[in-house]
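Asker: Submitted below is the structure of interest, expressed as structure tokens.
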């Protein structure tokens, strides 16, 4: 339990380091150190915050609420041989609701600043996430049908080879569309560019623009944990192997997460950011894939 | 249960058809079609007969004609008319993707109503044949440039090919070779037609062919 939390909390920012190094490798640069995100978070935690006079308590609460919601969602997901500490019938809905809560407060905080620039980011975030959430739920539906359970611990994790051999097509489609959802939810490159502060490219970054000091540290850290949680969800579907030896499972899981981070880095290096109207087509493409997966699952099971 | 690899190949074929719906650059469209044909060439080798002469000839013919020759002709055609992008479709990419999703659903609905005489090698074979056929048809009717319409026709043909695989063991080799030749000649003629449309009207947007030129 303690080891599980430690892995999740300590290794989450490391994924961003791996993505950064992969992108630097493709660009022929040295890149920032693997631990840069840790340095950033520590630096920001030691600073003070600046608050605009137009903001209210919502602006101060939002980073804390979003961090708390993302950490709570980490409790619901089993990974690397560790069972989820909290697990009950229907916890997949709560899992999605935590992400929704975090996003809702970030959008309110962005509107709270009274800046039209931040309002633009909030509106883009709302528009894209309302489609990507449907895709996530379609994938949940497919997993529910395949596992005949509505609890994340049974839907993923305990999955083993038999369900891959029987349901390979469905699972491949679930993995593909979940990967796109992961890119959308974490504002990675085809959807949003986390590295720039240009008006045209910003969705997530623009909402964090007025936050400073510890608040910004919380937002960066919550983003890292969110990437870790969704990545763990994906890796648990993709790597059904479970040896029931704590250390082997942990190694398999962690190397899976590492490879996932490298895959994200490769996608980011190989693709340009899409035009805003193309982003919709991109997410709708993942919706069609998820729908296809659900249909295959229904056709096989019923 | 049907073999996993066959299922995965069929899924990849439908995924590539969905990707075709979202593609705008002509080079990408042709490459996606070539890749779809290449993946499809693996199917005859996975079916019941295994590595027979018949299956091997079908696979080799698919690779040679659909994955190499036809894309080469299409690339030659777009080089000659020197265009890179498709005109915007009749409806946007999002709409055609959504329609593609609906068509995939419908193809599963239709194929559940069909009862094949022989048990097919995979229960996904007929639905994915329908889905590829429908998506090819959607490309054919929704895009405006002649090249994309040709690719739509070829994707439809890929769907028909998937259907024909059900009869692989009973169809004489000669018939299949005849079909290959037909497609090849068809695409060859369409390539020439595209060039003529281009030289006559300075574009290859077929939606403007209905307006009279004085």
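Asker: Pairs of alpha-carbon atoms within less than 8 angstrom and 6+ residues apart define the contacts here; what relative contact order does the stretch B:4-207 have, in percent?
Answerer: The normalised contact order for the stretch B:4-207 reaches 25 percent.
Asker: Give the angle, between 0 and 90 degrees and rounded to the nearest 10, that separates the Cα long axis of helix B:125-142 from the longest principal axis of the Cα atoms of chain B.
Answerer: For B:125-142 against chain B, the angle is about 10 degrees.
Asker: Along its three principal axes, how long is the stretch A:260-302 when you only count alpha carbons? Whole Å, largest extent first please.
Answerer: 41, 27, 10
Asker: Viscosity 1.306 mPa s, temperature 10 °C: what is the translational diffusion coefficient of the protein assembly as shown from Stokes-Einstein with a Kirkwood Rh over Cα pairs, rounded to a whole number of µm²/s?
Answerer: Calculated translational D: 63 µm²/s.
Asker: Tell me what chain A gives for mean residue ellipticity at 222 nm when only DSSP H runs of n ≥ 4 count, each as -39,500 (n - 2.57), the sum divided by the residue total, rounded to 500 deg cm²/dmol.
Answerer: After summing the helix terms and dividing by the residues of chain A, the value is -25000 deg cm²/dmol.
Asker: Applying a 10 Å radius around every beta-carbon, put B:125-133, A:231-239, A:269-277, A:141-149 in order of their mean neighbour count, most first.
Answerer: B:125-133, A:231-239, A:141-149, A:269-277
Asker: Okay, next question. Is the stretch A:3-125 best put as rounded, prolate or oblate by its Cα gyration tensor, with a ≥ b ≥ c the root eigenvalues, rounded for a/c under 1.5, and otherwise prolate when a/b is larger than b/c, oblate when not?
Answerer: oblate
Asker: Then there is this: State the dimensionless ratio Rg/Rh of chain A (Rg: radius of gyration of Cα atoms; Rh: Kirkwood radius).
Answerer: Rg/Rh: 0.96.
Asker: When the scattering of the stretch A:125-226 is computed by the Debye formula from its Cα atoms alone, each counted once and equally, what is log10 I(q)/I(0) at q = 0.13, 0.20, 0.22 Å⁻¹?
Answerer: Cα-only, vacuum Debye calculation for the stretch A:125-226: -0.60, -1.01, -1.12.
Asker: Continuing with the same structure: Give, in whole angstrom and from largest to smallest, the semi-axes √(5λ) of the equivalent ellipsoid of chain B, with λ running over the eigenvalues of the Cα gyration tensor.
Answerer: With the √(5λ) rule applied to chain B, the semi-axes are 31, 20, 14 Å.
Asker: Now, a different point. Using the alpha-carbon centroid of each, what span in Å lies between the stretch A:16-77 and the stretch B:138-183?
Answerer: If we compute the Cα centre of each part, the gap is 52 Å.
Asker: What FRET efficiency comes out for residue A:126 versus residue B:173 if R0 is 60 angstrom and r is the Cβ-Cβ distance? Round to the nearest 0.05.
Answerer: The value I calculate is 0.55.
Asker: Normalising by the residue count of the stretch A:2-301, find the relative contact order in percent from Cα pairs under 8 Å and 6+ residues apart.
Answerer: This gives 30 percent for the stretch A:2-301.
Asker: Mind checking the mean number of beta-carbon atoms from other chains within 10 Å of the Cβ atoms in B:180-189?
Answerer: The mean count of partner-chain Cβ atoms within 10 Å per residue comes to 0.
Asker: Can you figure out the FRET efficiency of residue B:53 with residue B:112, using R₀ = 30 Å and their beta-carbon distance, to the nearest 0.05?
Answerer: E(calc), rounded to 0.05, equals 0.30.
Asker: Determine by what factor the alpha-carbon radius of gyration of the stretch A:89-163 differs from 2.2 N^0.38 Å, reporting the quotient.
Answerer: 1.44
Asker: From Cα pairs below 8 angstrom and at least 6 apart in sequence, can you work out the relative contact order of the stretch A:40-169, rounded to a whole percent?
Answerer: Relative contact order, the stretch A:40-169: 29 percent.
Asker: Run the numbers for residue A:10 and residue A:196: contour at 0.36 nm per residue of separation, minus the present Cα-Cα distance, in nm.
Answerer: Length difference between fully extended and current span is 64.4 nm.
Asker: Between the helical axis of A:57-75 and the dominant principal axis of chain A, each derived from Cα atoms, what acute angle in degrees is found, rounded to the nearest 10?
Answerer: 20
Asker: What FRET efficiency do you get for residue B:163 and residue B:205 if R0 is 35 Å and r is their Cβ-Cβ distance, rounded to the nearest 0.05?
Answerer: 0.65
Asker: Further, regarding this structure: Let me confirm one metric for peptide B:91-103, namely the mean number of other chain beta-carbon atoms within 10 Å of its residues' beta-carbons.
Answerer: 5
Asker: For the stretch B:1-45, what mean projected area does the convex hull of the alpha carbons give, in nm²?
Answerer: Approximately 3.1 nm², given one-decimal rounding.
Asker: For chain B, what is the mean residue ellipticity at 222 nm derived from helices alone (per DSSP H run of n ≥ 4: -39500 (n - 2.57); sum divided by total residues; nearest 500 deg cm²/dmol)?
Answerer: Calculated at 222 nm, the ellipticity per residue is -22500 deg cm²/dmol.
No value in this document is a laboratory result; all are computed from the given coordinates. Computed from a prediction, not measured in an experiment: that's the story for all the values here. Counting neighbours? That spans all protein chains shown, and the Cβs are built from the backbone with ideal geometry, glycine included.
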